[in-house]
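Every number in this text was worked out from the coordinates using simple rules, so none of it is lab data. Values in this document were obtained by computation on a predicted structure and should not be read as measured data. Cβ placement follows ideal geometry from the backbone for every residue including glycine, while neighbour counts extend to all protein chains displayed.
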Amino acid sequence: MEKENKEDYTLIHISHLHPLHLTDIPPAVAAAPTCHACRLRCSGSIFECAPCRFALHPPCARLPKMLPHPSHPAHPLSLLLAPAYTDGGIGGGFFACDACRRGGVAFAFHCSHCSFDLHPACAALPESVHHPSHPHPVALTYEYPFPAGTHLVCDLCRNSCDPMQWFYVCIECQFGGHVGCFVPTSPAKEFYQQTGPVQKDAAAAAAEADQAAVLLRQQQQQLMNAISTANMMSANANNFLKSAMMGGTMPGSTVLRDMSETNLEINFNKPGSEHTRREREKFYAQRRTYLN
Ligand SMILES: [Zn+2]
Ligand SMILES: [Zn+2]
Ligand SMILES: [Zn+2]
Ligand SMILES: [Zn+2]
Ligand SMILES: [Zn+2]
Ligand SMILES: [Zn+2]
């Protein structure tokens with residue numbers, strides 16, 4: 001209402017040269033873009049540069065530069081816009097997430113002292129969740145709390161848990177299981193899907209990450225091309241790129257937004273009403289006038 005705020009609708013983000021606009025993706029769109037930060041499919045409201053098919057989930061666009069995380073109390077984690085483990089070329093590397101043990105090729109929360117890495121979605125998992133099938137909350141657990149060699153069988157899906165992955169557990173009752181089974185809405189659910197006993201195969205993870213790395217390289221090549229032709233912006237752009245590669249600051253991103261869809265709805269999905277749509281169109285129109 002009165003609080004309609006222009007900042008809600010457009011965003012300059014360190015990872016892209018052009019302004020991003022808040023856009024609604026209707027559910028079940030076949031060609032929905034992939035979020036540049038987390039590589040997961042977009043739905044609902046996203047920040048988008050349509051000509052470049054560049055998109056960010058709103059929470060991914062607002063990740064903090066530094067993040068203290070209970071899974072790694074020794075050091076705060078820094079946000080990197082590309083994996084730390086490149087082999088010379090830009091974006092050549094991938095990281096293995098210390099939460100889900102799956103590969104990542106995009107944004108990461110990283111500790112350079114310990115080579116500790118988290119997917120932003122894994123970093124945003126709630127520390128405890130309540131599941132209707134159990135009277136106590138289950139806590140997110142970073143270290144396997146049971147004797148080595150014992151199997152924790154997920155109490156929801158009855159498949160065994162990978163002791164290397166994080167999971168949710170009520171220690172007193174020894175009740176718990178997969179993150180993907182317990183967490184209600186996090187995008188990280190996709191990383192913890194269970195089809196049986198999990199044997200993480202490093203080669204398979206690397207191959208999976210490789211494919212995504214090719215995509216990332218292509219996008220970053222486009223970014224480089226855009227930079228070299230954008231004479232007007234060249235000084236700025238180079239600074240942008242430099243700090244992007246070093247995990248630099250991101251304008252407008254001071255607060256870690258919970259990555260749950262609930263939060264996405266609260267903060268960003270208020271659209272839908274005719275009024276909001278009109279307001280947004282008005283804002284875009286004003287913006288165009290301003291730019292011309
Ligand atoms: Zn994302
Ligand atoms: Zn663009
Ligand atoms: Zn992860
Ligand atoms: Zn560390
Ligand atoms: Zn399960
Ligand atoms: Zn319990």
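Long-range amide H contacts for residue 10: which residues qualify at under 5 Å (H placed 1.01 Å from N, peptide plane, sequence gap of 5 or more or a different chain)?
22
How would 43, 15 line up from fewest to most surrounding beta-carbon atoms within 10 angstrom? List each step's numbers first, then the result.
Working: 43 17, 15 22.
The order, fewest Cβ neighbours first, is 43, 15.
Which of 107, 71, 45 sits farthest toward the positive end of the charge dipole of region 1-157, with +1 on the Cβ of Lys and Arg and -1 on the Cβ of Asp and Glu?
Going by the Cα projections, it comes out as 107.
Could you line up 146, 191, 109 from fewest to most neighbouring Cβ atoms inside 10 Å? Before the final figure, lay out each step's value.
Numbers: 146 13, 191 24, 109 30.
The most exposed by this proxy come first: 146, 191, 109.
If you take the Cα Rg of region 126-185 and divide it by 2.2 N^0.38 Å, with N the number of residues, what do you get? If you can, show how the numbers build up before the last one.
Working: Rg = 10.3 Å, N = 60, 2.2 N^0.38 = 10.4 Å.
Cα-based Rg divided by the globular estimate yields 0.99.
Work the Kirkwood hydrodynamic radius out for region 66-122: mean of 1/r over every pair of different alpha-carbon atoms, inverted, in Å. Present the calculation step by step, with values, prior to reporting the outcome.
Numbers: mean 1/r = 0.0897 Å⁻¹.
By the Kirkwood definition, the hydrodynamic radius is 11.1 Å.
What is the set of long-range amide H partners of residue 102 at a cut-off below 5 Å, with H atoms built 1.01 Å from backbone N?
Here 97 satisfy the definition.
Between residue 53 and residue 157, what is the label-point separation in nm under the 7 Å Cα-to-beta-carbon projection?
3.0 nm
Taking the number of other C-beta atoms within 10 Å as the exposure measure, put 24, 117, 98 in order starting with the fewest. Mind dumping the intermediate values first?
Numbers: 24 17, 117 24, 98 21.
Sorted ascending by nearby Cβ count, the order is 24, 98, 117.
What are the ³J(HN,Hα) values, in whole Hz, obtained from phi via the Karplus relation 6.51 cos²θ - 1.76 cosθ + 1.60 with θ = phi - 60°, for each residue of region 27-39 in sequence order, with x given for Gly and Pro?
Once θ is set to phi - 60°, the couplings for region 27-39 become x, 6, 7, 5, 9, 4, x, 9, 5, 5, 7, 10, 6 Hz.
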